[in-house]
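**Q** The structure's right below; bear with me while I get my questions together.
The values are calculated or read from the model by the stated rules, or taken from the named source; none is laboratory data. Computed from a prediction, not measured in an experiment: that's the story for all the values here. Please note: Cβ atoms are built from the backbone with ideal geometry, for glycine as well, and neighbour counts cover all protein chains shown. SASA here: full protein model, heavy atoms, side chains in, ligands and nucleic acids out. Shrake-Rupley method; radii C 1.70, N 1.55, O 1.52, S 1.80 Å.
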Amino acid sequence: MAEEIPKQGKAGVVVNEGSDFKIEVQMVDVPEPKDDELLVRLNCTGLCMSDVHFMMNDWALPPMSAFGVRCAGHEGAGVVVKVGKAVKGWNVGDRAGIKPLSDVCHNCEECWNGRENYCAGGVYTGLMSAGTYQQYLTSPAIYTSRIPDGVEDAVAGPIM
Ligand SMILES: [Zn+2]
Ligand SMILES: [Zn+2]
(Lines give C-alpha, C1' and ligand atoms only; values in the text may rest on other atoms or scores of the structure.)
(Ligands and ions follow the chains in the order given, each with its own letter.)
Protein backbone atom coordinates (compact mmCIF):
# COMPACT_ATOMS: atom_id res chain seq x y z
CA MET A 1 0.00 0.00 0.00
CA ALA A 2 1.24 3.42 -0.90
CA GLU A 3 1.87 5.64 2.07
CA GLU A 4 -0.08 8.81 2.53
CA ILE A 5 1.74 11.87 1.25
CA PRO A 6 1.21 14.98 3.38
CA LYS A 7 0.64 18.45 1.89
CA GLN A 8 3.71 19.80 3.65
CA GLY A 9 6.97 18.44 4.99
CA LYS A 10 9.74 19.67 7.24
CA ALA A 11 12.67 21.49 5.67
CA GLY A 12 15.89 23.10 6.85
CA VAL A 13 15.44 26.45 5.16
CA VAL A 14 18.31 28.89 4.83
CA VAL A 15 17.49 32.28 6.32
CA ASN A 16 19.72 35.29 5.81
CA GLU A 17 21.76 33.77 2.98
CA GLY A 18 25.33 35.09 3.28
CA SER A 19 28.11 35.08 5.86
CA ASP A 20 25.70 35.07 8.84
CA PHE A 21 23.15 32.59 7.47
CA LYS A 22 20.96 30.48 9.73
CA ILE A 23 18.98 27.33 9.04
CA GLU A 24 15.42 27.24 10.34
CA VAL A 25 13.14 24.21 10.36
CA GLN A 26 10.00 25.23 8.49
CA MET A 27 7.06 23.45 6.88
CA VAL A 28 7.19 23.67 3.08
CA ASP A 29 4.87 22.39 0.38
CA VAL A 30 5.51 18.86 -0.85
CA PRO A 31 6.26 19.16 -4.57
CA GLU A 32 4.25 17.32 -7.22
CA PRO A 33 6.41 15.14 -9.51
CA LYS A 34 6.33 16.02 -13.22
CA ASP A 35 5.59 13.21 -15.69
CA ASP A 36 9.26 12.14 -15.83
CA GLU A 37 10.02 12.60 -12.15
CA LEU A 38 9.87 10.69 -8.88
CA LEU A 39 8.77 12.06 -5.54
CA VAL A 40 11.22 10.84 -2.90
CA ARG A 41 10.75 10.91 0.88
CA LEU A 42 14.22 11.36 2.25
CA ASN A 43 15.33 9.55 5.38
CA CYS A 44 18.85 10.96 5.47
CA THR A 45 20.90 13.79 4.08
CA GLY A 46 24.63 14.25 4.08
CA LEU A 47 26.06 17.49 5.40
CA CYS A 48 28.80 18.82 3.18
CA MET A 49 31.06 21.86 3.31
CA SER A 50 29.81 22.84 -0.16
CA ASP A 51 26.37 23.30 1.40
CA VAL A 52 27.90 25.87 3.71
CA HIS A 53 29.53 27.66 0.76
CA PHE A 54 26.22 27.71 -1.12
CA MET A 55 24.44 29.16 1.92
CA MET A 56 27.23 31.69 2.53
CA ASN A 57 27.38 32.45 -1.20
CA ASP A 58 31.16 32.90 -1.01
CA TRP A 59 31.91 31.05 -4.26
CA ALA A 60 31.80 32.65 -7.72
CA LEU A 61 28.28 31.35 -8.33
CA PRO A 62 24.88 33.02 -8.23
CA PRO A 63 23.17 32.69 -4.82
CA MET A 64 20.64 29.92 -4.09
CA SER A 65 17.89 32.51 -4.02
CA ALA A 66 18.61 33.37 -7.68
CA PHE A 67 17.29 29.91 -8.50
CA GLY A 68 14.42 30.07 -6.02
CA VAL A 69 16.13 27.42 -3.86
CA ARG A 70 15.64 27.58 -0.07
CA CYS A 71 17.25 24.31 1.06
CA ALA A 72 20.85 23.25 0.60
CA GLY A 73 22.05 19.64 0.63
CA HIS A 74 23.13 17.36 -2.20
CA GLU A 75 23.46 13.88 -0.71
CA GLY A 76 20.14 12.26 0.11
CA ALA A 77 18.74 8.78 0.61
CA GLY A 78 15.14 7.72 0.94
CA VAL A 79 12.24 5.97 -0.70
CA VAL A 80 10.03 6.67 -3.73
CA VAL A 81 6.50 7.64 -2.65
CA LYS A 82 5.06 8.73 -6.03
CA VAL A 83 5.99 8.03 -9.64
CA GLY A 84 5.39 10.44 -12.55
CA LYS A 85 3.00 9.28 -15.30
CA ALA A 86 5.70 8.71 -17.94
CA VAL A 87 8.25 7.02 -15.68
CA LYS A 88 9.16 3.41 -16.38
CA GLY A 89 11.17 1.06 -14.18
CA TRP A 90 10.57 2.75 -10.83
CA ASN A 91 7.93 1.84 -8.28
CA VAL A 92 6.59 3.28 -5.07
CA GLY A 93 8.69 1.80 -2.27
CA ASP A 94 11.95 1.66 -4.26
CA ARG A 95 14.95 3.08 -2.44
CA ALA A 96 16.32 6.19 -4.10
CA GLY A 97 19.33 8.45 -3.78
CA ILE A 98 19.81 12.12 -4.68
CA LYS A 99 23.21 13.17 -6.02
CA PRO A 100 25.14 16.48 -6.10
CA LEU A 101 23.94 16.87 -9.70
CA SER A 102 20.17 16.59 -9.78
CA ASP A 103 20.27 16.34 -13.58
CA VAL A 104 22.56 16.72 -16.60
CA CYS A 105 21.91 17.30 -20.31
CA HIS A 106 22.35 13.57 -21.19
CA ASN A 107 23.45 14.66 -24.67
CA CYS A 108 27.00 16.04 -24.74
CA GLU A 109 30.50 14.51 -25.08
CA GLU A 110 30.92 14.48 -21.29
CA CYS A 111 27.56 12.79 -20.66
CA TRP A 112 28.17 10.22 -23.42
CA ASN A 113 31.54 9.29 -21.92
CA GLY A 114 30.53 8.83 -18.31
CA ARG A 115 31.99 12.19 -17.30
CA GLU A 116 28.68 13.89 -16.73
CA ASN A 117 30.09 15.64 -13.66
CA TYR A 118 31.75 17.90 -16.28
CA CYS A 119 28.49 18.47 -18.21
CA ALA A 120 28.04 22.19 -18.89
CA GLY A 121 24.29 21.65 -18.40
CA GLY A 122 24.64 20.10 -14.94
CA VAL A 123 22.05 21.21 -12.37
CA TYR A 124 23.65 21.51 -8.93
CA THR A 125 21.41 20.09 -6.22
CA GLY A 126 20.94 22.46 -3.31
CA LEU A 127 21.98 25.46 -5.40
CA MET A 128 20.08 25.33 -8.69
CA SER A 129 17.43 22.82 -7.61
CA ALA A 130 15.89 22.10 -4.21
CA GLY A 131 18.37 20.46 -1.85
CA THR A 132 18.20 17.47 0.46
CA TYR A 133 17.65 19.39 3.71
CA GLN A 134 14.00 18.56 3.34
CA GLN A 135 11.74 15.56 3.69
CA TYR A 136 10.21 15.47 0.21
CA LEU A 137 12.05 16.11 -3.02
CA THR A 138 11.31 15.50 -6.70
CA SER A 139 14.02 13.99 -8.88
CA PRO A 140 14.25 13.15 -12.61
CA ALA A 141 13.69 9.38 -12.76
CA ILE A 142 16.41 8.94 -15.39
CA TYR A 143 19.01 10.46 -13.08
CA THR A 144 17.93 9.15 -9.68
CA SER A 145 20.29 6.62 -8.05
CA ARG A 146 19.29 3.14 -6.94
CA ILE A 147 20.34 2.14 -3.43
CA PRO A 148 21.07 -1.57 -3.00
CA ASP A 149 19.74 -3.61 -0.09
CA GLY A 150 22.26 -3.93 2.69
CA VAL A 151 23.35 -0.28 2.50
CA GLU A 152 21.66 1.82 5.17
CA ASP A 153 20.31 5.24 4.23
CA ALA A 154 22.67 6.91 6.69
CA VAL A 155 25.57 5.38 4.79
CA ALA A 156 24.10 5.77 1.29
CA GLY A 157 23.26 9.46 1.70
CA PRO A 158 26.79 10.81 2.06
CA ILE A 159 28.10 8.36 -0.56
CA MET A 160 25.92 10.11 -3.16
ZN1 LIG B 1 29.40 17.64 -1.20
ZN1 LIG C 1 25.86 16.82 -20.76
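**Q** Taking a label point 7 Å from the Cα of residue 21 along the Cα→Cβ vector, which residues of segment 73-117 have an amide N closer than 15 Å to it?
**A** 73-75, by backbone N distance to the label point.
**Q** I would also like to ask the following. Residue 10: which aspartates and glutamates have alpha carbons under 20 Å from its alpha carbon, excluding same-chain residues fewer than 8 sequence positions away?
**A** Filter leaves 24, 29, 32, 51, 75, 153.
**Q** Relative contact order for segment 29-148 using alpha-carbon pairs under 8 Å, separation at least 6, rounded to a whole percent?
**A** Details: 268 pairs, mean separation 43.3, N = 120.
Normalised by residue count, the contact order of segment 29-148 is 36 percent.
**Q** What are the residues whose amide H is under 5 Å from the amide H of residue 82, where those residues sit 5 or more places off or on another chain and H is modelled from the backbone?
**A** 39
**Q** Could you identify which residue out of 102, 145, 129 has the top mean-square fluctuation in a GNM of the chain using Cα springs shorter than 10 Å?
**A** Top of the fluctuation ranking is 145.
**Q** While we're looking at this one, here's another question. With a probe of 1.4 Å, find how much accessible area the chain has per residue, and write the answer as a whole number in Å².
**A** Values: 8750 Å² over 160 residues.
Result: 55 Å² of accessible area for each residue.
**Q** Within 14 Å, Cβ to Cβ, of residue 22, how many net charges do the neighbouring residues add up to if Lys/Arg are +1 and Asp/Glu are -1?
**A** Details: positive: 70; negative: 17, 20, 24, 51.
That works out to -3.
**Q** Shifting gears a bit: Test of understanding: express the Cα radius of gyration of segment 1-92 as a ratio to 2.2 N^0.38 Å, with N the residue count.
**A** Numbers: Rg = 15.1 Å, N = 92, 2.2 N^0.38 = 12.3 Å.
In units of the globular-protein estimate, segment 1-92 measures up at 1.23.
**Q** Mind listing the phi-derived Karplus ³J(HN,Hα) values for segment 22-37, rounded to whole Hz, using 6.51, -1.76 and 1.60 with θ = phi - 60°, and x for any glycine or proline?
**A** 3J(HN,Hα) across segment 22-37, in whole Hz: 10, 10, 10, 7, 10, 8, 10, 5, 6, x, 9, x, 6, 3, 9, 10.
**Q** Output wanted: per-residue J couplings in Hz (rounded whole) for segment 123-136, from phi through Karplus 6.51 cos²θ - 1.76 cosθ + 1.60, θ = phi - 60°, x for Gly and Pro.
**A** 9, 7, 5, x, 10, 9, 9, 3, x, 8, 7, 8, 6, 10
**Q** Counting every Cα pair in the chain, what percent are over 21 Å apart? Walk me through the numbers on the way to the answer.
**A** Values: 5686 of 12720 pairs.
Percent of Cα pairs beyond 21 Å in the chain: 45.
**Q** Can you give me the % of accessible surface on the chain that is carbon or sulfur? Probe 1.4 Å, all protein chains present, nothing else counted.
**A** 53 percent
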